[in-house]
Amino acid sequence: MSVLYKSDIARGRIWARIFAEEAPDIEFRVWPETGDLAAVEYLIAWQPPPGLLAALPNLKVLFSSGAGVDQLDLSTVQPSVPVVRMVEPGIVNGMLEYVTLSVLALHRNLIDYIRAQAAGAWQPVDVAPASARSVGVMGLGVLGQAVLERLGTFGYSLCGWNRSPKDIPGVTCYAGAQTLERFLGRCDILVCLLPLTAATHGILDRRLFSALPRGASLINVGRGGHLDQRALLEALDSGHLCAAILDVCEPEPLPQSHPFWSHPRILLTPHIASMTQPETAALILLENIRRHRRGEPLRHVIDRGKGY
Ligand code: GLV
């Protein structure tokens with residue numbers, strides 16, 4: 001039996017070291033050194049190369065090496081092979097840091113000060129207390145809940161929106177499409193942490209922006225595919241939205257001529273909000289493999305119907 005890893009090679013070496021230390025009984029292979037393909041029962045991958053899945057006759061589980069699974073072509077994965085998304089403390093911590101940084105940056109007008117400094121202008125901007133600002137998170141999974149809990153420590157008024165109902169202490173939770181407008185009407189700062197699926201593609205569109213209060217801001221840490229770029233530019237240029245912090249875009253990287261690069265109200269980062277940390281992820285994944293081998297249910301298996 002072997003585990004095959006096909007993702008970033010430098011990180012793969014760390015995974016291999018941890019498996020060697022913690023699970024010497026398991027053969028851990030880093031692509032392209034696959035060994036006997038018939039021995040591969042577990043595959044960890046961001047995007048398996050074309051033909052790889054069909055060449056693994058004994059594959060039992062496909063683990064995404066990241067939090068998302070939208071990069072996988074699920075139609076190439078045998079229906080009998082469960083697909084597991086990455087839920088591990090390193091990703092959660094990275095996302096907590098990035099969203100906290102972004103909410104505070106927007107609340108404390110950092111984008112104004114970046115521009116003011118470039119212009120050599122000493123220009124204070126009024127700031128409301130955190131308790132007078134509302135932050136709304138779309139997508140109340142592990143990451144969304146952790147982010148809300150952390151933001152609560154600053155005193156923001158918190159709300160969340162999710163496909164299915166959730167109950168989170170200190171957070172006004174909305175569920176389903178029919179509640180989206182009510183939720184948006186409360187968000188001074190909107191954070192998109194949704195999975196990218198057919199149902200959420202392009203969800204950050206003109207209608208959604210118009211339902212936000214005038215002067216609201218956007219943080220997108222979901223996927224570039226969530227955002228209607230033209231609608232964002234219109235909302236910013238009309239002054240309806242105040243600013244946007246985007247860690248993801250479509251395509252990545254954006255072409256040099258793209259208007260987001262130079263937009264004065266957009267802060268772009270190159271998809272670095274949060275990344276799987278091999279040191280923590282390898283142990284979580286190993287525990288999931290052990291569970292599977294004991295015949296226990298795997299954790300964090302996706303629902304292929306829902307796409308996450
Ligand atoms: C990063 O975007 C991930 O899905 O882990």
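Heavy atoms of the protein chains alone define the surface here; on that basis the chain has 48 Å² accessible area per residue at 1.4 Å probe size. Multiplying each eigenvalue of the alpha-carbon gyration tensor of the chain by 5 and taking the square root yields semi-axes of 39, 20, 18 Å, largest first, rounded to whole angstroms. Counting only protein heavy atoms and a probe of 1.4 Å, the accessible surface of the chain is 54% carbon and sulfur. Our estimate of slack between ARG206 and GLN71, defined as 0.36 nm per intervening residue step minus the Cα-Cα distance, is 46.0 nm.
The distance linking the stretch 253-277 with the stretch 15-33 is 34 Å (Cα centroid to Cα centroid, whole angstrom). Shape class of the stretch 1-132 from the Cα gyration tensor (axes a ≥ b ≥ c, square roots of the eigenvalues): prolate, since a/c reaches 1.5 or more and a/b is larger than b/c.
Within the stretch 180-272, the trypsin sites (Lys or Arg not before Pro) that combine a DSSP coil assignment with at most 11 other C-beta atoms in a 10 angstrom radius are ARG214. The separation of the stretch 170-233 from the stretch 34-86, counted between C-alpha centres, amounts to 31 Å. The fraction of all Cα pairs in the stretch 247-308 landing in successive 10 Å bins from 0 to the largest distance is 17, 26, 25, 20, 10, 2, given as whole percents. Rg and Dmax over the alpha-carbon atoms of the stretch 1-56 stand at 10.7, 31 Å.
Rounded to the nearest 500, the 222 nm mean residue ellipticity of the chain from helices alone is -9000 deg cm²/dmol, with -39,500 (n - 2.57) taken per DSSP H run of at least 4 residues. Under 5 Å between amide hydrogens, built in the peptide plane, is the criterion, and for LEU140 it picks out ARG163 among residues at least 5 positions away or on other chains. Cross-link partners of LYS306 among aspartates and glutamates, defined as those whose alpha carbon lies under 16 angstrom from its own and excluding same-chain residues fewer than eight positions apart: ASP70, ASP73. Ranked by the mean number of other Cβ atoms within 10 Å per residue, highest first, peptides 114-125, 9-20 order as 9-20, 114-125.
In the stretch 118-264, how does Rg compare with the Kirkwood Rh, expressed as the Rg/Rh ratio over alpha carbon atoms? Reported Rg/Rh (Cα atoms, Kirkwood Rh): 0.97.
Under 5 Å from the amide H of SER2 lie the amide H atoms of VAL40, GLU41, TYR42, each residue being 5 or more positions distant or on a separate chain, with H modelled from the backbone and absent for Pro and chain starts.
The values are calculated or read from the model by the stated rules, or taken from the named source; none is laboratory data. Keep in mind it's a predicted model, so treat the numbers as computed, not measured. Note: ideal-geometry Cβ built from the backbone for every residue, glycine included; neighbour counts use all protein chains shown. Side chains are part of the model used for accessible areas, which takes the heavy atoms of the whole protein and leaves out ligands, DNA and RNA. Shrake-Rupley method; radii C 1.70, N 1.55, O 1.52, S 1.80 Å.
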